[in-house]
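Heads up: the structure comes next, in structure tokens.
The values are calculated or read from the model by the stated rules, or taken from the named source; none is laboratory data. Note that this is a predicted model, so its numbers are computed, not measured. Note that each Cβ is placed from the backbone with ideal geometry, even for glycine, and that neighbours are counted across all protein chains shown. All accessible areas refer to the heavy atoms of the entire protein, side chains included, with ligands and DNA or RNA removed. Shrake-Rupley method; radii C 1.70, N 1.55, O 1.52, S 1.80 Å.
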Amino acid sequence: MADNARARKLADRIQVVVAETLDRRIKDPRLGFVTITDARVTGDLREATVFYTVYGDEEERAASAAALESAKGILRTEVGRQTGVRFTPTLAFVPDALPDNARTIEDLLDKARAKDAEVRQVSTGKTYAGEADPYRKPGDEDDAEADDEDGVGA
């Protein structure tokens, strides 16, 4: 069983090798603007998961996924040749969800900013419903006791 440091080093090397091979050797016209974002290797160094993003719409993402699947053999051969490990790990390509998550967070932040601006606009020129400072202070307790004695309080 390999240690985690070796698996991390191999994953980093696989990420670089796959990215360079896609850039230089793979000439598939279906392959769009693919970026290899991360690679992870299991502890036994038998399987590697390569995360990628594609710039474009859903059709371009699907075409790039098909191109990566068809180029898997060439990529695995190149990984085996350049890493020199005894057993070349199998490659699995997974679309990275990070850009979608980031887009969702940005949309939520935009909604929050718009709501804050709306509240700020509505509150301009308004006054408090009660006093500006509704909390009791230590000196106010004497006034409350005097009101209770007079029968004015609760």
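Data table
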quantity	calculated
Rounded to 5, percent antiparallel among DSSP beta bridges of the chain	55 percent
Solvent-accessible area per residue, Å², over the stretch 21-144 with all protein chains present [probe radius 1.4 Å]	74 Å²
Per-pair calculated FRET efficiency, R0 = 35 Å: residue 25 and residue 105 via Cβ, rounded to 0.05	0.45
Sites matching trypsin sites (Lys or Arg not before Pro) across the stretch 1-48 that sit in DSSP coil, with at most 16 neighbouring C-beta atoms within 10 Å	25, 27, 30, 46
Carbon plus sulfur fraction of accessible area for the chain, probe 1.4 Å, in percent	51 percent
Label-reachable residues, the stretch 36-58, where backbone N falls under 20 Å from a point 7 Å from residue 83's Cα toward its Cβ	36-53
Label-point separation in nm, residue 97 to residue 12, each point 7 Å along Cα→Cβ	2.7 nm
Cleavage-rule hits, trypsin sites (Lys or Arg not before Pro), the stretch 63-101, DSSP coil, Cβ neighbours within 10 Å at most 10	86
Residue 74/residue 115 FRET efficiency (R0 41 Å; Cβ-Cβ; nearest 0.05)	0.20
